[in-house]
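**Q** Below you will find the structure I want to go over with you.
The values are calculated or read from the model by the stated rules, or taken from the named source; none is laboratory data. Every value quoted in this text rests on a predicted model; they were computed, and no experiment measured them. Please note: Cβ atoms are built from the backbone with ideal geometry, for glycine as well, and neighbour counts cover all protein chains shown. When the accessible area is computed, the model is the full protein with side chains, heavy atoms only, and any ligands, DNA or RNA have been set aside. Shrake-Rupley method; radii C 1.70, N 1.55, O 1.52, S 1.80 Å.
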Amino acid sequence: MKPRVIIGTVAIVLFTSLLMWNFGNSLGSYVGFEEAETSGNRVHVIGKWVPDMPHGFDNQRMVFNFYMEDNYGQVRRISYNKPKPNNFEDAESLVVVGKMRNGVMLSDDMLVKCPSKYNDASNLEMVNL
């Protein structure tokens, strides 16, 4: 075999391996806060915002802090490194993506699930007219 073919094949195998490893790390898994603390990996936690607890944007550290209750009833502080999403207060549920450190979820991504306008009772009445 020619050296160019061998080098090209090795480069393709390395690139594909790196791509698969990176894709696997980006997926994460859906867990509760307790499992997220022991995992040490990047995870997804589903829950609801706790409006009665302190929340707000920290201008010095440039993070949005709030408290969230997961589906198992555990409440933890979330430190989200981006501004608060526009529809945050209206959210039915949140999915925060990140890693747990010292009891705080350090999140670099958040999915906000808002109520559907198609499930609103007033909209259903208008459809049935």
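**Q** Restricting to region 88-115, give me the number of residues that are acidic (Asp, Glu), in contact with a Lys or Arg (Cβ under 9 Å, 6 or more places away or on another chain) and either open to solvent by 70 Å² or more (accessible area, probe 1.4 Å) or not in a strand (DSSP E or B) (or both). Please lay out each step first, then the result.
**A** In the first step, residues of region 88-115 are kept if they are acidic (Asp, Glu); the result is 89-90, 92, 108-109.
The next check asks that each one be in contact with a Lys or Arg (Cβ under 9 Å, 6 or more places away or on another chain); those that pass are 92, 108-109.
Retained after the next criterion (residues that are either open to solvent by 70 Å² or more (accessible area, probe 1.4 Å) or not in a strand (DSSP E or B) (or both)): 92.
Going through region 88-115 one residue at a time, the tally reaches 1.
**Q** Please work out if Ser122 is part of a loop (DSSP other than H, G, I, E, B), exposed (fewer than 10 other Cβ atoms within 10 Å of the Cβ), of a type in the set (Ser, Thr, Tyr) and at pLDDT below 90. Spell out how you get there, then give the answer.
**A** Values: part of a loop (DSSP other than H, G, I, E, B): no; exposed (fewer than 10 other Cβ atoms within 10 Å of the Cβ): yes; of a type in the set (Ser, Thr, Tyr): yes; at pLDDT below 90: yes.
No: the conditions fail for Ser122.
**Q** Of all residues in region 48-86, which are among the acidic types (Asp, Glu), open to solvent by less than 60 Å² (accessible area, probe 1.4 Å) and within 18 Å of the chain's Cα centre (by Cα)?
**A** Initially, region 48-86 is screened for residues among the acidic types (Asp, Glu), giving 52, 58, 69-70.
Then keep just the ones that are open to solvent by less than 60 Å² (accessible area, probe 1.4 Å); that gives 58, 70.
Hit for region 48-86 is Asp70, nothing else.
**Q** List pairs: first residue in region 7-28 and closer than 18 Å to Asn41 by Cβ, second residue modelled with pLDDT of 75 or more anywhere in the structure, Cβ distance under 6 angstrom, at least six positions apart or on different chains.
**A** Partner pairs satisfying both residue conditions: Gly28/Arg42; Gly28/Val43; Gly28/His44.
**Q** OK, next. Assess whether Val31 counts as being surrounded by 10 or more Cβ atoms within 10 Å (Cβ to Cβ), under 16 Å from Val96 (Cα atoms) and without any contact (Cβ under 8 Å) to a residue 24 or more places away in the chain. Spell out how you get there, then give the answer.
**A** Numbers: surrounded by 10 or more Cβ atoms within 10 Å (Cβ to Cβ): yes; under 16 Å from Val96 (Cα atoms): yes; without any contact (Cβ under 8 Å) to a residue 24 or more places away in the chain: yes.
In short, yes.
**Q** Same structure again: What strands (runs of 3 or more DSSP E), lying completely within region 1-84, carry at least 1 residues that are at pLDDT 90 or above and aliphatic (A, V, I, L, M)?
**A** Values: elements: 43-49, 56-58, 63-70, 75-80.
Correct list: 43-49, 63-70, 75-80.
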